[in-house]
Amino acid sequence: MTAVCEHTFVTSHGSAYARFRRALKTGNMAIIRSAAGELPHVDLGDALAVCVVIRQAEPERFERAALRWVARFCVERREATLAEVQSAAWAFENLADEPAALATLQRLCSR
């Protein structure tokens with residue numbers, strides 16, 4: 001997934017955003033939460049990446065995370081249509097089984 005924004009907080013270990021992106025690759029939710037906490041904002045695309053990790057690492061929390069993402073989508077994309085919200089819900093519901101599901105969500109992020 002391509003990052004949409006860049007962050008300027010830099011330490012000896014790189015930027016907070018770079019640490020967050022590395023944390024996502026670990027699949028470890030404790031590390032991801034810690035790295036995300038250093039950011040001033042987690043954009044919709046990055047929140048989707050977190051949801052994907054949650055589905056694997058903490059499946060019991062996935063539905064709530066997906067619902068929060070859909071709610072954010074509705075608020076942040078004021079031009080969102082019912083069809084897009086339905087597509088997002090379908091994609092989250094079918095993320096495990098349908099290869100087009102993640103692409104659908106990524107496309108919604110980029111609009």
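Can you work out the Karplus-derived ³J(HN,Hα) for every residue in the range 83-88? Use 6.51 cos²θ - 1.76 cosθ + 1.60 with θ = phi - 60°, whole Hz, and x for glycine or proline.
Coupling constants for the range 83-88: 4, 5, 5, 5, 4, 5 Hz.
Placing +1 at every Lys and Arg Cβ and -1 at every Asp and Glu Cβ, with all other atoms neutral, what dipole size does the chain have around its Cα centre, in debye to the nearest 20?
Here the chain has a charge dipole of around 280 debye.
Plugging the Kirkwood radius over Cα pairs into Stokes-Einstein for the chain, at a temperature of 25 °C and a viscosity of 0.890 mPa s, what D comes out in µm²/s?
Taking Rh from Cα pairs, D becomes 169 µm²/s.
What ranking do 43-49, 81-87, 99-105 get when scored by the average of other Cβ atoms within 10 Å per residue, highest first?
Going by the mean number of other Cβ atoms within 10 Å, highest first, we get 43-49, 99-105, 81-87.
Positive end of the dipole of the chain, charges at C-beta (+1 Lys, Arg; -1 Asp, Glu), about the Cα centre: which of A83, A100, A23 has its Cα farthest in that direction?
My answer, from the dipole projection, is A23.
Taking a quarter of the surface of the convex hull around the Cα atoms of the range 37-96, what do you get in nm²?
Value for the range 37-96: 4.4 nm².
Read-outs: derived from the displayed coordinates by stated rules, not from any lab. Values in this document were obtained by computation on a predicted structure and should not be read as measured data. Positions of Cβ are generated from backbone atoms using ideal geometry, with glycine treated the same way; all protein chains shown enter the neighbour counts.
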